[in-house]
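Okay, structure first, notes after.
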Amino acid sequence: MAAPKSCALWSYCGRGWSRAMRGCQLLGLRSSWPGAPLSARLLSQEKRATETHFGFETVPEEEKGGKVYQVFESVAKKYDVMNDMMSLGIHRVWKDLLLWKMRPLPGTQLLDVAGGTGDIAFRFLNYVQSQHQSKQKRQLRAQQNLSWEEIAKKYQNEEDFLGGSRVVVCDINKEMLKVGKQKALAQGYRAGLAWVLGDAEELPFDDDKFDIYTIAFGIRNVTHIDQALQEAHRVLKPGGRFLCLEFSQVNNPLISRLYDLYSFQVIPVLGEVIAGDWKSYQYLVESIRRFPSQEEFKEMIEDAGFHKVTYESLTSGIVAIHSGFKL
């Protein structure tokens, strides 16, 4: 998603994070154009000063970010409920599969972009906590001669139950972040979690900072997908991994026809009934149809500099998980 260029950093949970205000230095722009001549940059800028799509509507590029912002500002409070209703709960399985594919180790530094309501972040924290606790138990079993008092003391002295793992949720929409923070407090997520207001196309982070970059159901909403991918590459450490969960192209003709019928005839109605917003969900359906196919998106990821790019289609191609590495 792309709109205002505010870069306030909020954090209230976890050691090592501090409240700060950062100027939006576009660190990524330098790495996005390594050695590119001025003429190439000017040509790209000229091409971008044109039109783009907002669902099936054609709009000036400078307007799309604001329109997308309004969509998610409107649906933020009902976003999670609508996800359950629209997908019949299957989105939870897709997100679980994303974590299974990620398999983060204790100590992993994750950036979750367009992750406002925290679904991926909370799964990540649960996973690394479970992994760290399993490691603890294995270590204790290896020390059979410890007394119960010594074992209890080891658990009590364990300050970081995430094993050094941290996740930063970055989203451009204040309302989505607000919902995510409320969920985190209600569900008891505090340590190892930070919330950042920032643009996927101009991330407010240093180069080579994160081990894993995730974006789930968000990249189709940015104005310049290529620039968002370049930013993902920039902020990842060498050896870091890019993972994207996004709607894609259905590969079964019968399912495709049923999916289209459901998408265009049912989802906007659900949006009106549950969220009081037909137009926003009409846009969401249309934006899915405008997103590149699995193979086309794979090529875009490779063009951004990623290697060993693969994808896995889920539920007959309704969604796909793309993976790539910064080598």
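The values are calculated or read from the model by the stated rules, or taken from the named source; none is laboratory data. From a predicted model like this one, the values you see are computed outputs, not experimental measurements. Cβ sites come from the backbone with ideal geometry, for glycine too, and all protein chains shown count toward neighbours. SASA here: full protein model, heavy atoms, side chains in, ligands and nucleic acids out. Shrake-Rupley method; radii C 1.70, N 1.55, O 1.52, S 1.80 Å.
On the basis of the beta-carbon distance and an R0 of 35 Å, K101 and V273 show a calculated FRET efficiency of 0.55. At full extension, K178 and L327 could sit 50.1 nm farther apart than now, given 0.36 nm per residue minus the alpha carbon distance. Set the Förster radius R0 to 56 Å, insert the Cβ-Cβ distance between E302 and E149 as r into 1/(1 + (r/R0)^6), and round the FRET efficiency to 0.05. After rounding, the FRET efficiency stands at 0.50. The listed peptides 291-299, 314-322, ordered by packing as a protection proxy, come out as 314-322, 291-299 (highest mean of other Cβ atoms within 10 Å first). Annotation: extensible slack from D80 through N126 equals 14.7 nm (criterion: 0.36 nm per residue apart, minus Cα-Cα distance). A straight chain from R290 to Q133 at 0.36 nm per residue would run longer than the Cα-Cα distance by 52.2 nm.
Note on R190 and E62: their simple-model spin labels are 4.6 nm apart, each label 7 Å out from Cα toward Cβ.
Close amide-amide hydrogen proximity is noted between E246 and F217, A320, H322, each under 5 Å apart and 5 or more residues distant or on a separate chain (H modeled in the peptide plane; Pro and chain starts excluded).
Accessible-area rank, largest first, for Y213, Y189, Y127: Y127, Y189, Y213, with all protein chains present and a 1.4 angstrom probe.
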